[in-house]
Amino acid sequence: MPGDGGHRRKPPLEPGDLLVWHVTEDGANKASYDFGRLTVGPRLQRELAEAFAVQCGPTGTWKTLPSSRESWLIFLYFSRFLAEQEHVPQSLGELAPDIWAAWRLSRTPNSTGSRQVRKVARLLKQHPLVPEETRKLMNKRMPKEKAPKETAYSDAEFARITLLATQRFRPALHRIRANRQHLLDWRAGRFDMGTDGWLVGEALDQLIRTGETPFLIRPDGRHRPDPRYAEALGGNRAEDTWMRLFLTTDEGCALMILIIAAYGWNATPVVEMKVPDASPDAGNEGQIIYRVELEKRRRRPADRYETRNLADWGANSPGRLITHAIESTAPAREMLKNVGAPTAG
């Protein structure tokens, strides 16, 4: 293509496919959504994928992964609802007004339910196959919900929240730190070959290269853990295998809570935050200064981007939590890079 160096971004949905790709506005992150998982027929799966892909494309409104992920989850609920109907529609052309009315009534009568109905309506009402009478119902407003009264946490409640988050995250940091050091020692040849320490190191090396600890392949093609490594690791449970180097969802949420509480940032900028640049402080040996770049999408374009400098000179310093966040997520970022799915965050 003239003017783009011969490169153009792939469409979010290829002809005849059911896998929709969403690449963020800056191209740094991407996610895929398999519409073959929806509990409806193949024709309707494709039509729902088409409607979804419009918002993932260059003219769509979704610029971040949380936007597409939320709508994907709602589509899962919607497809399950359709599959439970007496006459399951096989196409959007069969999405009769009574089915849409039943979908509206099936949602919880609160802001969450209203949001689910609005999201599906917004995605589907422009599709040419949707019947006109159904389209009219989709344009009908949901009853306005009373805005919930917002109350701030008391100092005691806030302290309790941060304490619980610290108690959840801190052991994970120490666990990942210890296992990463074990991996570095293994790579440096500090274990005798065949010992338990050596087997654990080799298992960690495979985990960070492939996302899995060593396994054997059965005749039926299924994987089973390699017993030599499983014995050295202490078992096949999550805490024996992938949790050695990676945070769990709960631990990741705890880290995010700590960052929000410490710096006063909203959740979206934290989720989308890139790994900060780090540089030593020329005037203070042992001090690191992080340059944190934030994008606050609700602001007008001129004020959308913000930069913070946070220094880590030891315990309780402003940048120490950033150091811990980078350290605890480093193995996961290395693994994603190794499997061809690098992330800037």
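The values are calculated or read from the model by the stated rules, or taken from the named source; none is laboratory data. In this text the structure is predicted, and so the values were computed from the model without any measurement. With ideal geometry, Cβ positions are generated from the backbone for all residues, glycine too; neighbour counts draw on all protein chains shown. All accessible areas refer to the heavy atoms of the entire protein, side chains included, with ligands and DNA or RNA removed. Shrake-Rupley method; radii C 1.70, N 1.55, O 1.52, S 1.80 Å.
Which residue fluctuates the most in the chain, going by a Gaussian network model with Cα springs under 10 Å, if the choices are Lys30, Lys140, Lys63?
Result: Lys140 has the largest fluctuation of those listed.
Per residue, how much accessible surface does the chain expose to a 1.4 Å probe? Answer in Å², no decimals.
Per-residue value: 60 Å².
Read phi for every residue in the stretch 204-209 and hand back ³J(HN,Hα) as whole Hz from Karplus 6.51 cos²θ - 1.76 cosθ + 1.60, θ = phi - 60°, with x for Gly and Pro.
5, 5, 5, 4, 7, 8
Might you report the magnitude of the Cβ-based charge dipole of the stretch 111-193 about its Cα centre, with Lys and Arg at +1 and Asp and Glu at -1, to the nearest 20 debye?
360 debye
In the chain, with Lys and Arg counted as +1 and Asp and Glu as -1 at Cβ, which of these residues, Ser328, Ala230, Ile99, has the Cα nearest the positive end of the dipole, that is, farthest along it?
Ile99
Order His87, His182, most accessible first, counting only protein heavy atoms with a 1.4 angstrom probe.
In descending accessible area the options line up as His87, His182.
Would you rank Ser71, Ser279 by solvent-accessible area, highest first, keeping every protein chain in place and using a 1.4 Å probe?
Sorted by accessible area, descending: Ser279, Ser71.
Would you grab the residues whose amide H sits under 5 Å from the one on Arg297? Only those 5+ places off in sequence or on another chain, please, with H modelled 1.01 Å from N.
Close amide H contacts, sequence-distant or interchain: none at all.
What FRET efficiency, computed as 1/(1 + (r/R0)^6) with R0 = 45 Å and r the Cβ-Cβ distance, is obtained for His127 and Thr343, rounded to the nearest 0.05?
Efficiency computed from Cβ-Cβ geometry: 0.90.
Grab the DSSP H runs of the chain that are 4 residues or longer, score each as -39,500 (n - 2.57), total them, divide by all residues and round the 222 nm result to the nearest 500 deg cm²/dmol.
Value at 222 nm, helices only, nearest 500: -15000 deg cm²/dmol.
Suppose the chain between Lys10 and Ala101 were pulled fully straight at 0.36 nm per residue; how much longer would it get relative to their current alpha carbon spacing?
The Lys10-Ala101 span can extend by a further 29.1 nm.
Which whole-number percentage describes the relative contact order of the stretch 189-290, with Cα contacts under 8 Å and a sequence gap of 6 or more?
Relative contact order, the stretch 189-290: 14 percent.
In a Gaussian network model over the chain where Cα atoms closer than 10 Å are linked, find which of Phe215, Phe246, Phe52 has the largest mean-square fluctuation.
Phe215
Taking a 1.4 Å probe, which of Trp186, Trp100 shows the most accessible area, and what order do the others take after it?
My answer, sorted largest first, is Trp186, Trp100.
Label Asp250 and Trp313 with points 7 Å out from Cα along Cα→Cβ: what is the distance between them in nm?
3.8 nm
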